[in-house]
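Taking it in order: structure first as structure tokens, then the write-up.
The values are calculated or read from the model by the stated rules, or taken from the named source; none is laboratory data. Because the structure is a prediction, the values reported are computed rather than measured. Cβ sites come from the backbone with ideal geometry, for glycine too, and all protein chains shown count toward neighbours. Areas reflect the complete protein model, heavy atoms only, side chains present, ligands, DNA and RNA absent. Shrake-Rupley method; radii C 1.70, N 1.55, O 1.52, S 1.80 Å.
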Amino acid sequence: MTLAMAEDTTLREALAGDPTAFDALLAPLYDPGYRLAVVLLGDRAEAEDAVQEAALKAWARLGQLRGDRTRLRAWFLSVVANECRMSRRRPWWSVIRRAELDGQKRSPEGIAIHEVDLRRAIARLPEEDKVALFTYFYLDLPLEEVARVLRVPLGTAKSRVYRAARRLRPGVALEEVLDR
Amino acid sequence: MRDDIRRAFDEMTDAPHPADEPDPDPAAHPTPTPSSPAQSCPH
């Protein structure tokens, strides 16, 4: 049996309600999903909760994939990003988390200044820019998948990746950003 | 630029990039399942 056939079987079993099959499908995606949530929320406990909620929603909405296993990664990451968005909209988040994040200014001692600056610059970006940078540069997703995570057309995804990169490094060339 | 951004995200998530340092013992990190929603996620 080929890997593709095995994966299709796993997806069918998950769609039929088998939680073990569902977990096997999502297992490789928990780590990137968690990292994305940490970047978006800036808090590990919140990120764990968001991924947990995203997994439950993915379980309930698995039919949205229409049986296409190749769309699973982008789809799940978009569910995680959406869950993070929902978390940040809860009334208490802006009051409590904002104060905590503002207090998390680490000492730059022993760390190259530009690295600290880059992290702070990323942290200040709009959420959709963080998702674009994280999925394209960190997860190395092809632009087509970045577009699916962002739920935008391919051209918009390209623009968003480039725009986000320019916010970090004004004047960077398009070719240097979209170099693959 | 890609390397700089990758390092920044590594720092932000307090973990090395999976491609740089694979988890030596993935079994040590249980993953959440829909049948056990109270379980925490892998970190």
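When restricted to residues that are more than 9 Å from chain B (Cβ to nearest Cβ) and open to solvent by less than 10 Å² (accessible area, probe 1.4 Å), region A:15-24 contains 1.
Sort through A:Ala54, A:Ala99 and tell me the only one that's at pLDDT 95 or above and either out of contact with any His (no Cβ under 7 Å at 6 or more places or on another chain) or not β-branched (Val, Ile, Thr) (or both). Reasoning before the result, please.
On the way: A:Ala99 fails: at pLDDT 95 or above.
When all the criteria are applied, what remains is A:Ala54.
Residues in region A:120-137: is at least one farther than 30 Å from A:Ala24 by Cβ and modelled with pLDDT under 85? No: region A:120-137 contains no residue that is farther than 30 Å from A:Ala24 by Cβ and modelled with pLDDT under 85.
Here the condition is being more than 12 Å from chain B (Cβ to nearest Cβ) and either over 12 Å from the mean Cα position of the chain (by Cα) or at pLDDT below 95 (or both); of A:Val172, A:Val152, A:Val161, it holds for A:Val152 alone. Apart from one condition, A:Leu141 fits all of (1) without any contact (Cβ under 8 Å) to a residue 12 or more places away in the chain; (2) assigned to a loop (DSSP other than H, G, I, E, B); (3) within 14 Å of chain B (Cβ to nearest Cβ); the exception is (1).
Of all residues in region A:121-137, those satisfying the criterion of being in contact (Cβ under 8 Å) with a residue 40 or more places away in the chain and crowded, with 24+ Cβ neighbours inside 10 Å are A:Val131, A:Phe134, A:Thr135.
Listed by first and then second residue, the pairs with beta-carbon distance under 8 Å, at least 6 apart or on different chains, first residue in region A:152-180 and open to solvent by less than 50 Å² (accessible area, probe 1.4 Å), second hydroxyl-bearing (Ser, Thr, Tyr), are A:Val161/A:Tyr136; A:Val177/A:Tyr162; A:Leu178/A:Tyr162.
Is at least one residue of region A:28-36 over 11 Å from the mean Cα position of the chain (by Cα), crowded, with 23+ Cβ neighbours inside 10 Å, over 18 Å from A:Lys130 (Cα atoms) and not polar (S, T, N, Q)? Before you say what the answer is, go through the steps one by one.
At the first step, the residues of region A:28-36 found to be over 11 Å from the mean Cα position of the chain (by Cα) are A:28.
In the following step, the residues that additionally are crowded, with 23+ Cβ neighbours inside 10 Å were identified as none.
No, region A:28-36 contains no residue that is over 11 Å from the mean Cα position of the chain (by Cα), crowded, with 23+ Cβ neighbours inside 10 Å, over 18 Å from A:Lys130 (Cα atoms) and not polar (S, T, N, Q).
Do you know which residues across region A:41-58 are in a helix (DSSP H, G or I) and open to solvent by less than 30 Å² (accessible area, probe 1.4 Å)? Correct list: A:Leu41, A:Ala47, A:Ala50, A:Val51, A:Gln52, A:Ala54, A:Ala55, A:Ala58.
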